[in-house]
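Here the structure comes first, spelled out in structure tokens, and everything after it is commentary.
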Amino acid sequence: MWHPLARDLATLLQEAVQYTRNLVVSKMCSRNIKISVVLFLVLIPLITALPHNNHNLSKRSNFFDLECKGIFNKTMFFRLDRICEDCYQLFRETSIHRLCKQDCFGSQFFAACVEALQLHEEMDKYNEWRFTLGKK
């Protein structure tokens with residue numbers, strides 16, 4: 001027959017073992033969470049920095065969204081689009097970005113952006129590109 005003190009000691013020992021197991025599991029969970037957070041914080045910027053294959057597709061759909069009716073030339077389109085993006089960076093006004101691209105880069109805002117960026121010496125080349133892309 002067990003002595004009451006021995007029974008309490010056995011119960012205490014079982015509780016101590018269970019507490020130790022819980023503590024080890026808790027530390028492992030905490031460690032796994034920390035590792036997951038670190039991996040997440042490291043991998044997300046790396047993944048977003050990788051080139052995406054759908055970039056050309058989005059630019060091409062943008063070409064049609066601008067109602068350009070001519071021939072899609074990636075180099076010409078990117079260069080004209082870059083003028084509008086640089087103009088936006090200069091003034092930080094979202095409407096300028098949209099208006100610069102209006103009518104397949106044929107708006108007065110595009111010409112104003114060319115002037116603001118001091119690219120007016122190449123305006124003949126830009127007009128030729130706009131014609132190729134299909135300015136209305």
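Residue 114 is checked against (1) out of contact with any Gly (no Cβ under 8 Å at 6 or more places or on another chain); (2) surrounded by fewer than 16 Cβ atoms within 10 Å (Cβ to Cβ) and fails just one. What number does that condition carry?
Of everything listed in (1) out of contact with any Gly (no Cβ under 8 Å at 6 or more places or on another chain); (2) surrounded by fewer than 16 Cβ atoms within 10 Å (Cβ to Cβ), residue 114 misses just condition (2).
Mind listing just one residue for me: the one in segment 53-92 that is outside any helix (DSSP H, G or I) and in contact with a helix residue (DSSP H, G or I) (Cβ under 9 Å, 6 or more places away or on another chain) and, of those, modelled with the lowest pLDDT?
Looking only at segment 53-92, we keep the residues that are outside any helix (DSSP H, G or I), and these are 53-54, 66-73, 92.
Applying the additional criterion that residues be in contact with a helix residue (DSSP H, G or I) (Cβ under 9 Å, 6 or more places away or on another chain) yields 66-73.
Values: 66: 71, 67: 74, 68: 82, 69: 84, 70: 85, 71: 87, 72: 85, 73: 88.
My answer is 66.
Taking segment 102-124 as the region of interest, how many residues are closer than 16 Å to residue 67 by Cα and either outside the structural domain of residue 83 (by TED's automatic domain parsing) or part of a helix (DSSP H, G or I) (or both)?
Of segment 102-124, the ones closer than 16 Å to residue 67 by Cα are 102-107, 110.
Among the residues that remain, those that are also either outside the structural domain of residue 83 (by TED's automatic domain parsing) or part of a helix (DSSP H, G or I) (or both) are: 102-105, 110.
Qualifying residue count for the region: 5.
The values are calculated or read from the model by the stated rules, or taken from the named source; none is laboratory data. Owing to the predicted nature of the structure, the values given are computational and were not obtained by experimental measurement. Methodologically, a virtual Cβ is constructed for each residue, glycine included, from the backbone with ideal geometry; neighbour enumeration extends over all protein chains shown.
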